Amino acid sequence: MGRALTAVLGRTNWVAPPVWFAPVCDRLEDAAVLLDALPKGSVVALNGPVVAHACRGRDIVRLVDLGFAYETAANASHAADLVSADLLRVMALAGTPTGLLVTLPVRTPLWGGQVEGALRALEGARDDGIVRHLGVRVAGPWAMVEPTWRRHDGFEFAVCPPETAEEVLSFASGRRVGVVVSGTRPGAYRLVRISSLAEMSPFLAPEQDGP
């Protein structure tokens, strides 16, 4: 997957690969072909049940996005329950009890305890070894996401789209938070969508440089 990075990803104390993969597949056979081509230790986003099932038994790092169900919580305890239930579902689907990279998507300011409850559940899961590292996914305009992130310092890494990358990278650097940018933006950790070996092959070149 190219040369290993010489620096850890933000405050994770983990030397992460420079390219993370988000397979997009409708058939288990197609997902298996893509995963077979990845080096051991690759980061793979569990984009749906097909990919999650195909990841079973593989020596990879699983990236899980929790989705927005926590936003509907009536209070912090309800949010914690919703997130815990999501984690249990993902663990059962992926066939792995530990070591997940988990992102909490944030798209708007929330003031009803939803984020506090979600983080409480995730930090507890991290203490138990279920979650390896906890991240935030920037899922809305930066002006809407920044207030929530500023109030909560528990995130170890961030995933963001290219249109907010400049602002996110600037904010994250002051908090020692590593940033993974969706897409093929050069000079950064990247999360790339792949649906074929042809799409994947440029990111597996042996001379690929890291960020």
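The values are calculated or read from the model by the stated rules, or taken from the named source; none is laboratory data. All figures in this text were calculated on a predicted structure; none of them were measured in a lab. Here the Cβ positions follow ideal geometry from the backbone for every residue, glycine too, while neighbour counts run over all protein chains shown. Protein only, heavy atoms only, side chains kept; ligands, DNA and RNA dropped before computing areas. Shrake-Rupley method; radii C 1.70, N 1.55, O 1.52, S 1.80 Å.
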32 Å tail of the calculated P(r), the chain, as % of Cα pairs: 13 percent
task: Under 19 Å from a label point 7 Å along Cα→Cβ of ASP127: give me every residue in the stretch 143-164 with its amide N that close.
output: 152-156
Those residues of the stretch 22-45 whose amide nitrogen sits under 13 Å from the label point placed on LEU197, 7 Å along Cα→Cβ: 30-38
For the stretch 55-167: rounded, prolate or oblate by the Cα gyration tensor [a/c cutoff 1.5]: oblate
statement: Computed about the Cα centre, the charge dipole of the stretch 120-162 from +1 Lys/Arg and -1 Asp/Glu charges at the Cβ has a magnitude in debye, to the nearest 20, of 120 debye
query: LYS40 versus ARG151, label points 7 Å from Cα toward the beta carbon: distance in nm?
result: 4.5 nm
field: Surface per residue (accessible, 1.4 Å probe) for the stretch 9-128, Å²
entry: 42 Å²
task: Report the local net charge at VAL43: Lys and Arg +1, Asp and Glu -1, summed over other residues whose C-beta lies under 15 Å from its C-beta.
output: +4
Rounded to whole Hz, the Karplus (6.51, -1.76, 1.60) HN-Hα couplings of the stretch 18-24, x for glycine and proline: x, 10, 10, 10, 10, x, 10
Carbon plus sulfur fraction of accessible area for the chain, probe 1.4 Å, in percent: 53 percent
message: Below 8 Å, C-alpha to C-alpha, sequence gap of six or more: please give me the relative contact order for the stretch 1-151 in percent.
response: 19 percent
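Taking the Cα centre of the stretch 1-127 as origin, sum charge times position over the Cβ atoms of Lys and Arg (+1) and Asp and Glu (-1), and report the length of that vector in debye to the nearest 20. Don't jump to the answer; show the numbers that get you there.
Numbers: 11 positive and 12 negative charges, 69 e Å.
Dipole size: approximately 320 debye.
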Dipole of the stretch 58-125, positive direction: furthest Cα of LEU100, ALA125, ASN75, with charges on the beta-carbon: LEU100
task: Compare PHE68, PHE155, PHE203 by solvent-accessible area with a 1.4 Å probe and give them largest first, with all protein chains kept in place.
output: PHE68, PHE203, PHE155
query: Which FRET efficiency value, to the nearest 0.05, is calculated for ASN75 and THR98 with the Förster distance at 22 angstrom and r the Cβ-Cβ distance?
result: 0.15
